[in-house]
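Below: the structure, in structure tokens.
Nothing in this text is a laboratory measurement; each read-out follows from the coordinates by a stated rule. Just so it is clear, the model here is predicted, and its values are computed rather than measured. Cβ placement follows ideal geometry from the backbone for every residue including glycine, while neighbour counts extend to all protein chains displayed.
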Amino acid sequence: MYQGVKNLRKRNWAPFPAEPPTINSVLLTHAHIDHTGYLPALVKKGFKGKIYCAKATH
């Protein structure tokens, strides 16, 4: 998820660079919004893979 200046935030509505149903897994290194904010949109667009979290994210 992009934060900050408007031209970066607008990227939050751009198409995903890959088709979400073709993604096998996601790795979260930590739970800040810029790392997790796209997960709901990814699932809504068809992601059904596993989400792995680093220990710091639990």
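The set of residues in the chain being touching a strand residue (DSSP E or B) at 6+ places or on another chain (Cβ under 7 Å) and of a type in the set (Val, Ile, Thr) consists of Val26, Thr36, Ile51, Thr57. Identify all residues within segment 17-58 that are over 17 Å from Gln3 (Cα atoms) and among the aliphatic types (A, V, I, L, M); write none if there are none. Scanning segment 17-58 gives Ala18, Ile23, Val26, Leu27, Leu28, Leu42, Val43, Ile51, Ala54, Ala56.
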